[in-house]
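Below is one structure, written out as structure tokens, with a few remarks after it.
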Amino acid sequence: MGGVLRIHFSDRDFRHVRFARSADPVWEAFLGLHVLTTPLARLPRRLHPWRRRAVERLQDGGLRAASRLLADLAPADAAYFPDFLTPAESEEGMAAALRALRGTPGTRLDKEMREAARYRALPGWTRRLASGDRLVLDQVADAVLHFHTRLVAPDWSEVEAAVATGWDRRADALERGTVATLESLPSFTWRDPVLSAPYPVDADLHLRGRGVRLVPSFFCHTAPIAIADPGLPPVVVYPVGDGPPDPRGAAGRADALAALMGTGRARVLGGLTAAFTTGSLAVRLGMPASTVSGHLKVLRDAGLVRSERAGAHVRHRLTGRGRHLLGPP
């Protein structure tokens, strides 16, 4: 990591800073791809289980082809990859993002693919994309959807849980104002009026009164990533992880919770590392479903657990209060 990203703020920018409360589906697809193509030894431990599962799912030939196509455009070691791949519309969800991606103007495709070619040799098929070939652009959009559906979406509850935990860590800072929250972001350093972080190259992002959208990411694990084109709405994606847990601290918290609320209820609370149905949590903990259901009701009444219907199932997840009670992961 040889450079520094410097984000330059003016007084007006502070009125337009937005802290996203959830991960972005398209960014997570590309950053998940980077995790998949990064050696396991270079990844934080929190990403190891997902990567192992993803490698197993890659036995599917269509999924491998989609991954190769996306890696041609946005490899993990790229100092730059085209901004059209991560449209601002992804803030509204995957469907809106894919509509925007498929509708990318030919002039922009040509400009951004030329920029990518400045940093690395591109495979021959990308010349058709740069020329505005709509069929190829549709193939790229289909690959993004296929990768996300097969490799990211099945573990989205884990992504949400990690992002929510990171957000809770910064809740106190948010009460102290924008600067305090900027100072609390992983990897960043605030030196008024510049927010800086390690980056593959030296880069300056001048907000010019537009503010910035800061998006947490489960799969981002080395350094923040920013939209490169200064003419586009400023977006910066940052890693949500704060390092591996301290097993001694975790054991101490578990004992204290068991003394406070009973061993079974403490196990149920601690088992909600993501969103689970009653049955899946019971299987995970090796407890009767009726017992788990009773503990969940008590925890829900205490404001430590939230239950939401998703189709035919009810999923349970920790509230901010529940995560706070468990302590840092």
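Tell me whether segment 3-239 comes out rounded, prolate or oblate; compute the Cα gyration tensor, take square roots of the eigenvalues as a ≥ b ≥ c, and use a/c under 1.5 as the rounded threshold.
Cα axes put segment 3-239 in the oblate bin.
Determine the gain in length on full extension of the stretch ASP133-ARG118; use 0.36 nm per residue of separation and subtract their C-alpha separation, reporting nm with one decimal. Write out the running numbers ahead of the final one.
Working: separation 15, 0.36 × 15 = 5.40 nm, distance 2.09 nm.
Full extension of this stretch gives 3.3 nm more.
Pairing the Cα long axis of helix 156-169 with the longest principal axis of the chain, what angle in degrees results, from 0 to 90 and rounded to the nearest 10?
With rounding to tens, the tilt is 80 degrees.
Once you list every other residue whose beta carbon is under 12 Å from the beta carbon of THR189, what net charge do they have if Lys and Arg are +1 and Asp and Glu are -1?
Net charge around THR189: 0.
So for the pair SER22, ALA76, with labels modelled 7 Å out along Cα→Cβ, what separation do we get in nm?
That separation, rounded to one decimal, is 2.8 nm.
If Lys and Arg each add +1 and Asp and Glu each add -1, what is the summed charge of the other residues whose beta carbon sits under 14 Å from the beta carbon of SER131?
+3
Check HIS206: other-chain or 5+ apart residues with amide H under 5 Å from its amide H, H built from backbone geometry?
Amide H neighbours of HIS206: HIS8.
Calculate the dipole size of segment 3-239 relative to its Cα centre from +1 charges on Lys and Arg beta carbons and -1 charges on Asp and Glu beta carbons; express the result in debye to the nearest 20. Walk me through the numbers before you get to the answer.
Values: 32 positive and 29 negative charges, 73 e Å.
For this selection, approximately 360 debye.
Check each of the trypsin sites (Lys or Arg not before Pro) in segment 93-134 and keep only those in coil by DSSP with at most 14 other C-beta atoms within 10 angstrom; list them in order.
ARG120
Could you tell me which of rounded, prolate or oblate describes segment 247-326, using a ≥ b ≥ c as the square roots of the eigenvalues of the alpha-carbon gyration tensor, with rounded for a/c under 1.5 and, failing that, prolate when a/b is larger than b/c and oblate otherwise?
Prolate is the answer for segment 247-326, as a/c is 1.5 or above and a/b outweighs b/c.
Under a Cβ-Cβ cut-off of 11 Å, what is the net charge of the residues other than GLY231 that fall near it, where Lys and Arg count +1 and Asp and Glu count -1?
Result for the neighbourhood of GLY231: +2.
In whole angstrom, how far apart do the alpha carbon centroids of segment 166-180 and segment 1-33 sit?
16
For the chain, give me the percentage of DSSP beta bridges that are antiparallel, rounded to the nearest 5 percent.
60
The numbers here are math on the coordinates, done by the rules we state, and not lab data. What you see is a predicted model; the values in this text were computed from it and never measured. Counting neighbours? That spans all protein chains shown, and the Cβs are built from the backbone with ideal geometry, glycine included.
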